[in-house]
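Q: Questions regarding the structure given below will be posed in turn.
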Amino acid sequence: MTSIIFLGTPKFAVPILKAIADEKYEIKAVVTQPDKKVGRKQKVTESPVKVLAQKLNLPVFQPAHLAKSEELKQLIAMQADLIITAAYGQFLPSKFLQSARIAAVNVHGSLLPKYRGGAPIQYALINGDKQTGVTIMEMVKQMDAGAIYAQKAIDIQKNDTGGTVFEKLSFLGRDLLLQTLPQIIADPQKKTAQDETKVVFSPNISKEQEQIKISMTATEANNLIRGLNPAPGAYLLVDNKRFKVWRAEVAPETTTLPAGTVVANKKRFAISFANHTVLNLLEVQPAGKKKMTVKSFLNGQGKSFAIGDKIVGS
């Protein structure tokens, strides 16, 4: 029986781990990020992968820093046939990758070499890409630079968000990995090098990138909103306070009002953006409030804004 060490943390990795277990591979260990405090109440929360691993009665390792941990020695000593990662969240030491008898494999949420890095799904949406997909690749020391075993693409739909694409790619990655593993086990050298001339990076989203700027067009603003939903969320600065926008749509009309101005506040709430474009806000979260539909917003705080008011800072 082929033995595996699996590394993953968020929901993206859960269907992949479950499928490997269901296929009766021998899972020697599951490695995931340490429990962390979440929310205003700072409740200690286990990762989705840990929750599943415990249900499956699999041994769980949670080193804060794998490369410097005692757990690393134990994992290397296991001499697993395969090391499989899916959104684990830490760099893996070369000596660990080299301990795999057959291969160290990663399930990556992009069509490599486009979007190497920690936020490939978000960048695909932010940049307005028409397609994204999953790559099954060999793990090497350089981030997401290994040779490719398999890829599969999907179209990005108009109403997709980071959350919906994340889920779609999770199941796509599961299915593609299961299809590809027998091939990797039979011939781990059957792979294709990435084209280094086409590399695009997708570093983790910074705090500065979360702000919706009025220098953006309505389409660019909407893409940012979609890409950062459900986390961390994109925001406008309204009266110098964070005003999160969870859903929006590009309006069909243009406007002569300067960017950052209220274009409509009856039945819909619309803001002007660059190049005379207009964005309809559909679901919002004013500072200190819960998420709400724009209808609820207009029945409350939104009443204070009038057409022609410039409310959004740069």
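Q: In deg cm²/dmol and to the nearest 500, what is the mean residue ellipticity at 222 nm of the chain if only DSSP H runs of at least 4 residues count, each as -39500 (n - 2.57), divided by the residue total?
A: Helix contribution divided over all residues of the chain: -7000 deg cm²/dmol.
Q: Where is the GNM fluctuation largest for the chain (alpha-carbon springs, 10 angstrom cutoff): 42, 285, 301?
A: Per the Cα network of the chain with a 10 Å cutoff, 42 tops the list.
Q: Also, I was wondering about something else. With no solvent and one point on each alpha carbon, what is the Debye value of log10 I(q)/I(0) for the stretch 1-104 at q = 0.12, 0.14 Å⁻¹?
A: -0.37, -0.50
Q: When we measure straight from the Cα of residue 37, which aspartates and glutamates land under 13 angstrom away, once same-chain ones fewer than 8 places off are left out?
A: 46
Q: Do the alpha carbons of any pairs in 289/310; 11/266; 130/310 sit beyond 29 Å of each other, and which pairs?
A: 11/266; 130/310
Q: Moving on to the next point. For 296, 99, what's the fewest-to-most ordering of other Cβ within 10 Å of each Cβ? Intermediate values should be presented prior to the final figure.
A: Details: 296 15, 99 18.
Arranged by neighbour count, lowest to highest, 296, 99 become 296, 99.
Q: Fewest to most neighbouring Cβ within 10 Å: what's the order for 101, 40, 174, 247? All intermediate terms of the calculation are to be shown ahead of the outcome.
A: On the way: 101 12, 40 5, 174 22, 247 18.
In order of increasing Cβ crowding within 10 Å: 40, 101, 247, 174.
Q: For the stretch 208-304, what does the convex hull of the Cα positions come to per residue, in cubic angstrom?
A: In the stretch 208-304, the Cα convex hull volume per residue is 93 Å³.
Q: Straight distance only, please: which aspartates and glutamates reach the Cα of residue 295 with their own Cα at less than 12 Å, same-chain residues fewer than 8 apart left out?
A: Hits, sequence-local ones excluded: 283.
Q: Which pairs break 28 Å Cα to Cα here: 73/198; 168/198; 50/95?
A: Numbers: 73/198 36 Å; 168/198 25 Å; 50/95 24 Å.
Going by Cα-Cα distance, 73/198 fall outside the 28 Å limit.
Q: Let me ask something else about it. From the list (i) 18.5, 55; (ii) 24.1, 78; (iii) 22.4, 69, can you say which value of Rg and Dmax of the Cα atoms in Å was derived from the structure given?
A: For Rg and Dmax of the Cα atoms in Å, the calculated option is (iii).
Q: Gap in Å between the Cα centre of the stretch 272-314 and the Cα centre of the stretch 81-112?
A: One Cα centre to the other: 44 Å.
Q: Turning to a different aspect of this structure: Applying 1/(1 + (r/R0)^6) with R0 = 51 Å to the Cβ-Cβ distance of residue 299 and residue 70, what FRET efficiency is obtained, to the nearest 0.05?
A: 0.35
Values quoted throughout were computed directly from the atomic coordinates according to the rules given, and no laboratory measurement underlies them. All values derive from a computational prediction rather than experimental measurement. Glycine gets a Cβ as well: all are built from the backbone with ideal geometry, and neighbour counts include every protein chain shown.
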